[in-house]
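Worksheet: the structure to be examined is printed underneath.
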Amino acid sequence: MTSPSRYDGLADWYDREIGSLEVTTTALDTLGRLVGTGPGTCLDLGCGTGIAIPSLLERGWRVVGVDLSGDQLRIARQRASPPGAALVAADAAALPFPDCSFDAIVSVLTHTDFEDPEAAFVEAARVLRRGGRLSYVGTHPCFVTPFMQRRPTGPHLLHPGYRQRGWDHAGPGFGQGIRPRVGVHHLPLADLIGLALATGLTLTRLEEPGEEDYPFLIALQLQR
């Protein structure tokens, strides 16, 4: 079953919003360090408006960006050319590529948007070549959730619900940005690590990027 495209109609607003956040810079810097440099073909899974594409091209990768939202891909095309990246409208849980198609795979800020995160990771592993690496940077399952109320001053507040898996469309941790508009697919930390390990890939690196006392991001690197 194809996942719903929650970002259609929001792409222009989303691109401005995501581009204004300091955490986006940290996420992209971390992703670039993990993926390293080409040559080779790199899949940008859930590429959205293409925020990672320019740096991947600069690092010498041939890039294929995949996203379900045609509205997001409309903006990604502006970042993909020149010198060019191929863009494909597809569900992350059912990728239209043969096995072992890519030398590297990256994904940034996506697991909370996937309808089926486990299937997306399994598909990523399927299309990754032997020796290739999957680099993922996403929001931290412990400290950025519908149940963790991050406050600019004073201590953050924990609310009941951390172990509840699945979609939420409201909560004390939603704030005023992206999540009230599209919802969030929450997974506890153990579930996120578990679905990565269930791919059969080897977890070679785990980081909590940034300088926040309660990290905003988590980064995983897996290798075939």
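Please treat every number below as a calculation from the coordinates, not as lab data. Since this is a predicted model, take the numbers as computed values, not measurements. All Cβ positions, glycine included, derive from the backbone under ideal geometry; neighbour counts span all protein chains shown.
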If you average the alpha carbon positions of segment 85-134 and of segment 206-220, how far apart do those two centres end up, in angstrom? 22 Å
Compute the Cα gyration tensor for segment 3-55, then decide on rounded, prolate or oblate, letting a ≥ b ≥ c be the square roots of its eigenvalues: rounded whenever a/c is under 1.5, prolate when a/b is larger than b/c in the other cases, and oblate in all that remain. oblate
How are the Cα pair distances of segment 133-219 distributed, in percent, across 5 Å bins from 0? 3, 13, 23, 24, 19, 11, 6, 1, 0
Listed with the fewest Cβ neighbours within 10 Å leading, V66, V182 appear as V182, V66
How long is the gain from V182 to A86 if the chain were fully straight, where each residue apart is worth 0.36 nm and the alpha carbon distance is subtracted? 31.9 nm
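Looking at the square roots a ≥ b ≥ c of the eigenvalues of the Cα gyration tensor of segment 1-118, which shape do they give, rounded for a/c under 1.5, prolate if a/b is larger than b/c, or oblate?
Values: a/c = 1.43, a/b = 1.09, b/c = 1.31.
Rounded.
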From the square roots a ≥ b ≥ c of the eigenvalues of the alpha-carbon gyration tensor of segment 59-107, which class results: rounded (a/c under 1.5), prolate (a/b over b/c), or oblate? oblate
At 222 nm, what value in deg cm²/dmol follows for the chain if DSSP H runs of at least 4 each add -39500 (n - 2.57) and the sum is divided by all its residues, to the nearest 500? -8000 deg cm²/dmol
